[in-house]
Amino acid sequence: MALQLWETLKEATTAYTGLSPATFFTVLALLWAVYYVAKGLFGSSDDHIHQRSTAFEEQMEPLPPPVQLGEITEEELKQYDGSDSKKSLLMAIKGQIYDVSQSRMFYGPGGPYALFAGKDASRALAKMSFEEKDLTGDISGLGPFELDALQDWEYKFMSKYVKVGTIKKTTVPVTEGDASGEASGAAETDTKPTEDGPSQTPVTGSEEKSSPADTKEE
């Protein structure tokens, strides 16, 4: 039975293709080999594209709503610089903290403004500077043009991002030595005699009797 089917297949191959059975199956084997090699070459790139699309979809997941932090220190703000993907991406201008998570491609790790994240970058934004010394909220000494530029940045952040807190202002504590020094200085001021006023030395009775008006000329 099998031999009969093989003979029938050879006759059909010759009739429909014009090729001998050996030639036909050789060509078929070559085509299969070419397909297998092509799949090996381009299959890895397809997998890479699929992985990139999956990563992009993960980045495009809905962002969690901004969390109100209230008043925090600059040291606490550094925890939200984007290094922890589970935390919000925050940035401050003039002491006001904003959630910039929706612009992670700009302010997140690897972004062009990543060094501003987790900091009050008021001075750097005003001067359009990327120097470490300007990554501060101190805006003293800035000119009118720089202050106007900073104001534009603030308006942009107010209209685009959600404010989630403020930076706690640090106060310099007064030590006991300074307090005692101020107290002693005040005491010395109270006990210091006046230089311009008349002397308060009491006049004795003998001095009153020997006044120039009562002295007789000899």
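The values are calculated or read from the model by the stated rules, or taken from the named source; none is laboratory data. All figures in this text were calculated on a predicted structure; none of them were measured in a lab. Because the Cβ atoms are built from the backbone with ideal geometry, glycine has one as well, and the counts that use them run over all protein chains shown. The accessibility values were calculated without ligands, DNA or RNA, using every heavy atom of the protein model including side chains. Shrake-Rupley method; radii C 1.70, N 1.55, O 1.52, S 1.80 Å.
Below are the figures for this structure:
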{"read-out": "Which listed pairs, of Lys94/Lys169; Lys127/Lys169; Lys87/Lys169; Lys127/Lys156; Lys86/Lys168; Lys133/Lys163, have C-alpha distances above 21 Å, in listed order", "value": "Lys127/Lys169; Lys87/Lys169; Lys86/Lys168; Lys133/Lys163"}
{"read-out": "Size of charge dipole - region 71-167 - debye, nearest 20, with Cβ of Lys, Arg +1 and Asp, Glu -1, no other charges", "value": "360"}
{"read-out": "For Ser129, solvent-accessible area (1.4 Å; no DNA, RNA or ligand), Å²", "value": "10"}
{"read-out": "Modelled FRET efficiency - R0 35 Å, Leu63 with Tyr155, Cβ distances, 0.05 increments", "value": "0.95"}
{"read-out": "Residues Val34 and Leu142, FRET efficiency given R0 of 41 Å [Cβ-Cβ distance, rounded to 0.05]", "value": "0.05"}
{"read-out": "Solvent exposure ordering (accessible area, 1.4 Å, most first) of Arg123, Arg104", "value": "Arg104, Arg123"}
{"read-out": "In order through region 161-166: 3J(HN,Hα) via Karplus (6.51 cos²θ - 1.76 cosθ + 1.60), integer Hz, x for Gly, Pro", "value": "10, 8, 6, 10, x, 9"}
{"read-out": "Extension gain, Ser129 back to Thr166 (0.36 nm per residue minus Cα-Cα distance, nm)", "value": "11.0 nm"}
{"read-out": "Accessible area of Met158 in the full protein assembly, 1.4 Å probe (Å², nearest 10)", "value": "110"}
{"read-out": "Whole-Hz ³J(HN,Hα) from phi, Karplus 6.51 cos²θ - 1.76 cosθ + 1.60, for region 94-102, glycine and proline x", "value": "6, x, 9, 9, 10, 8, 10, 4, 5"}
{"read-out": "In sequence order, calculated HN-Hα J values of region 83-89 (Karplus, 6.51, -1.76, 1.60; Hz; x Gly/Pro)", "value": "5, 9, 5, 7, 9, 5, 9"}
{"read-out": "Amide H contacts under 5 Å for Tyr98, placed H, 5+ residues apart", "value": "Met91, Ala92, Ile93, Val164"}
{"read-out": "Dipole of region 68-111, positive end: most advanced residue of Gly82, Met105, Ile93 [Cβ charges, Cα centre]", "value": "Met105"}
